[in-house]
Amino acid sequence: MNAFFQATLYGLLQGGLLALIAVGFSLVWGVMNVVNLAHGSFVILGAYIGWQLNAGLGLDPFLGMFVAAAVLFAIGYVLQRWLINLVVNGPIFITLLLTFGLDLLIVQGMNIAFSANYRSIQTSYAGDSLSLGAVRVPLGRLFAFLVAVAVTLVLVALVNRTRTGMSIMATGMDRGAARLMGIRARHVYALTFGIAAALAGMAGTMVGTVGTFNPATAGGFTLLSFVIAVLGGLGNMYGALVGGLVIGLVEAWAGQYLPGTWVNALAFLVLVIVLIFRPSGLVGRAYYAARLEV
């Protein structure tokens, strides 16, 4: 029973981090109808920025994540405004090919710059833990979980309570009508993509704090983001959080009681079962279903 509680706690903490990884992916897909296959490479790039700041300047990753977010926001904004925006109105497979090419370029660039060796961000508290009876709470993962939940709540407030957020929602629903209301759709799309890249950068720093990474792990984070986004509901920030927690729990329980090869298979099985009964995801799509293409 203690092993079950420990696995459950680990799954919840890991699920919060997975939610932070996936929320930007879900936002871009829900607003722009772009499946960003380069999302995982943004996560790893953020991890390398946090690692470099920690190794070179001694900056704590929970401060370095803001630097990573700023850098990734600039990269994401520029890539969308002057590259992805050129094909955003085309068939979805065009954006798939473009973002896949970007992923290859970024991953190979990281291989050249940092090598393929596994890295991790060393902190004095990463190995410490709190004791809740027989259950141990690792501090590094606890801090990462709290950051993930806080960032998700801030993003929800940004989208629902600010003029910028309302512009993002309106553009996602009906780009033509949003333009008639004076909203600059190109800027909003670039802003959305930049926010998603910034969140990926923050998540990457947390990934480097609680585990190891190298460029080859980028694809796995893209795949997890896809599963979590569909499971929770496209464009729904709470959906990403719920989906991340569910996948975290499923992987933790499967890792505790099943062979390692079954872990990913069980996560996809849960996705299939949920979609059979709730095609819109666990929380439902916030505004993607109302999209009117022009």
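The values are calculated or read from the model by the stated rules, or taken from the named source; none is laboratory data. Model, not experiment: these values are computed from the prediction. Neighbour counts are summed over all protein chains in view; Cβ atoms, including those assigned to glycine, are modelled from backbone coordinates with ideal geometry. Areas reflect the complete protein model, heavy atoms only, side chains present, ligands, DNA and RNA absent. Shrake-Rupley method; radii C 1.70, N 1.55, O 1.52, S 1.80 Å.
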inquiry  = Being more than 20 Å from VAL151 (Cβ to Cβ) and under 16 Å from the mean Cα position of the chain (by Cα) is true for just one of VAL35, VAL88. Which residue is that?
reply    = VAL35
ask   = Going through region 131-159 one residue at a time, which ones are open to solvent by less than 60 Å² (accessible area, probe 1.4 Å) and not in a helix (DSSP H, G or I)?
value = VAL135, VAL137, PRO138
Answer residue from region 110-125, given it is among the hydrophobic types (A, V, I, L, M, F, W, C) and not in a helix (DSSP H, G or I) and is most open to solvent (accessible area, probe 1.4 Å) among those = ALA116
query = Where in region 175-246 are the helices (runs of 4 or more DSSP H), entirely inside, with at least 2 residues that are aliphatic (A, V, I, L, M) and either on the phi > 0 side of the Ramachandran plot or in contact with a Lys or Arg (Cβ under 6 Å, 6 or more places away or on another chain) (or both)?
reply = 185-210
key: Residue among ALA252, ALA265, ALA216 that alone is of a type in the set (Gly, Ala, Ser), surrounded by fewer than 14 Cβ atoms within 10 Å (Cβ to Cβ), farther than 23 Å from THR171 by Cα and modelled with pLDDT of 85 or more   = ALA216
key: Every pair of residues 6+ apart whose Cβ atoms lie under 9 Å, when the first sits in region 217-239 and is under 20 Å from ILE273 (Cβ atoms) while the second is of a type in the set (Lys, Arg) and outside any helix (DSSP H, G or I)   = GLY233/ARG278; GLY233/ARG285; LEU234/ARG285; ASN236/ARG285; GLY239/ARG285
Per-region count, region 99-109, residues free of Cβ contacts under 8 Å to residues at least 60 places away in the same chain and open to solvent by less than 60 Å² (accessible area, probe 1.4 Å) = 2
Any hit, region 228-243, residues being open to solvent by less than 10 Å² (accessible area, probe 1.4 Å) and touching a Phe, Trp or Tyr at 6+ places or on another chain (Cβ under 7 Å) = yes
remark   = Reported set for region 268-294 where residues are at pLDDT below 80 and more than 25 Å from THR152 (Cβ to Cβ) is LEU292, GLU293, VAL294
query = Given the structure, is ASP128 touching a Pro at 6+ places or on another chain (Cβ under 9 Å) and open to solvent by 20 Å² or more (accessible area, probe 1.4 Å)?
reply = yes
query = Of the residues that make up region 75-98, is at least one under 19 Å from LEU224 (Cβ atoms), touching a residue at least 24 places away in the same chain (Cβ under 8 Å) and in contact with a Lys or Arg (Cβ under 9 Å, 6 or more places away or on another chain)?
reply = no
inquiry  = As an exercise: evaluate ASN36 against (1) buried (at least 24 other Cβ atoms within 10 Å of the Cβ); (2) assigned to a helix (DSSP H, G or I) and give the number of the one condition it does not meet.
reply    = (2)
note = All-but-one check, VAL107 against (1) in a helix (DSSP H, G or I); (2) closer than 24 Å to ALA144 by Cβ; (3) more than 22 Å from the chain's Cα centre (by Cα), failing number (3)
message = For the list (1) under 18 Å from ALA218 (Cα atoms); (2) in contact with a Ser or Thr (Cβ under 8 Å, 6 or more places away or on another chain), I need the number of the one condition that LEU72 fails.
response = (2)
